[in-house]
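Peer 1: Handing you a structure now.
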Amino acid sequence: MIAIPRQKPVFRFAPSPNGPLHLGHALSAFLNRDMAASNHGRFLLRMEDIDLTRCTPEFEADIYADLEWLDIDWELPVRRQSEHFSEYQTALNGLIERGLAYPSFLTRGEIRARVAAADTTALAWPRDPDGSPLYPPDDRERTEDSRQALLASGLKHAWRLDMARALALVDEPMSWTETGDGETGRVIANASGWGDVVLSRSDAPSSYHLCVVVDDAVQGITHVVRGLDLFHATSVHRLLQTLLGLPAPIYHHHRLIIDEEGLKLSKSRGDTGLAELRESGASPTDIRRLVGL
């Protein structure tokens with residue numbers, strides 16, 4: 001059972017230390033800090049570092065330096081996901097024991113081949129709200145003997161949520177309270193469109209979806225302020241919260257900072273980082289202006 005603290009309003013900024021922060025991160029950090037202050041609440045910092053290959057102490061140190069330069073203070077200690085894998089495993093084990101998660105063995109190459117073959121026909125492969133292909137049904141439909149044999153062989157595998165079985169356990173339509181820059185009010189969750197989402201990977205002990213709901217509950221987060229690119233994923237998070245008996249925060253999905261091509265800023269594309277802007281002579285006031293605050 002996860003202990004859930006009862007506290008005054010609690011906000012959090014949760015970057016991944018896998019690259020330098022950019023203007024999009026600055027907007028999110030400013031909004032979380034400002035909203036916490038205006039609500040006489042708390043502001044926490046979390047490092048979402050489940051990717052042990054890409055996330056490094058050097059990038060984490062850079063995040064601290066950027067936030068300090070922006071004059072953003074946070075409570076200590078900082079929660080690092082890499083220090084709490086056992087908590088995520090406990091949550092996953094509970095879903096497995098209830099028959100709500102299954103091991104998936106298909107490789108990325110096998111999935112791509114299946115999708116490519118389907119896309120040459122009149123029936124294109126179904127995709128989730130982010131545009132990624134849904135996982136094929138092969139592993140979900142395996143017999144228990146087949147699953148156990150593959151697990152015993154040591155074959156690499158992930159664990160996925162059996163979406164249809166999970167939704168069958170939900171008695172009422174799920175929803176969340178939204179106060180952001182898009183749809184507001186009571187939003188009905190539609191998790192089915194995401195298919196059998198990953199709960200843990202062969203190369204990572206957990207997944208974003210599972211970690212974030214456990215972390216928010218453990219830290220007593222009452223208000224989740226994050227980019228609109230995660231708006232639709234909230235349906236998955238509400239489902240996991242319901243299955244795990246966790247509270248639902250109030251959500252505020254804010255506008256994104258986009259580049260000249262209309263794309264959201266990205267570490268992977270090497271968009272200009274805050275440190276580079278600082279070195280070029282920008283001030284924290286300039287950063288607030290650049291992000292529209």
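Values in this text are rule-based calculations from the coordinates and carry no lab data. Since the structure is predicted, the reported quantities are computational estimates derived from the model, not experimental observations. Note that each Cβ is placed from the backbone with ideal geometry, even for glycine, and that neighbours are counted across all protein chains shown.
Peer 1: If you plug each phi of segment 204-211 into the Karplus form 6.51 cos²θ - 1.76 cosθ + 1.60 with θ = phi - 60°, what whole-Hz ³J(HN,Hα) values come out, in order, with x for Gly and Pro?
Peer 2: 8, x, 7, 10, 4, 4, 6, 4
Peer 1: Based solely on its DSSP helices, what 222 nm [θ] is calculated for the chain when runs of n ≥ 4 H residues each add -39,500 (n - 2.57) and the sum is averaged over all residues, nearest 500 deg cm²/dmol?
Peer 2: -10500 deg cm²/dmol
Peer 1: Report the rotationally averaged projected area of the chain based on its alpha-carbon convex hull, in square nanometres.
Peer 2: The orientation-averaged projected area of the Cα hull of the chain comes to 17.1 nm².
Peer 1: What's the extension gain from T120 to L256 if we count 0.36 nm per residue and subtract their Cα-Cα distance?
Peer 2: Full-extension gain reported as 45.5 nm.
Peer 1: Sticking with this structure for a sec: Return the single residue from N93, N32, N190 with maximal mean-square fluctuation; model: Gaussian network over the chain, springs between Cα atoms under 10 Å.
Peer 2: Maximum fluctuation in the GNM of the chain, among the listed residues, is at N93.
Peer 1: Could you work out which residue, out of D73, D51, D162, moves most in a Gaussian network model of the chain, that is, has the largest mean-square fluctuation with Cα springs under 10 Å?
Peer 2: Largest GNM mean-square fluctuation: D73.
Peer 1: So, one more: Order of S192, S175 from fewest to most other C-beta atoms within 10 Å?
Peer 2: Taking fewest neighbouring Cβ atoms as first place, the list is S192, S175.
Peer 1: If you don't mind, another one. List I111, I188 from most exposed to least, where exposure is judged by having the fewest other Cβ atoms within 10 Å.
Peer 2: Lowest to highest Cβ neighbour count: I188, I111.
Peer 1: How big is the gap, in Å, between the Cα center of segment 20-94 and the Cα center of segment 143-216?
Peer 2: When both Cα centres are located, 23 Å separates them.
Peer 1: Also, I was wondering about something else. Arrange T242, T121 by Cβ neighbour counts within 10 Å, fewest through most, would you?
Peer 2: T121, T242
Peer 1: Calculate the dipole size of the chain relative to its Cα centre from +1 charges on Lys and Arg beta carbons and -1 charges on Asp and Glu beta carbons; express the result in debye to the nearest 20.
Peer 2: I would put it at about 500 debye.
Peer 1: Between D171, D34, D71, where does the largest GNM mean-square fluctuation fall for the chain, given springs only between Cα atoms within less than 10 Å?
Peer 2: Of the options given, D171 has the highest mean-square fluctuation.
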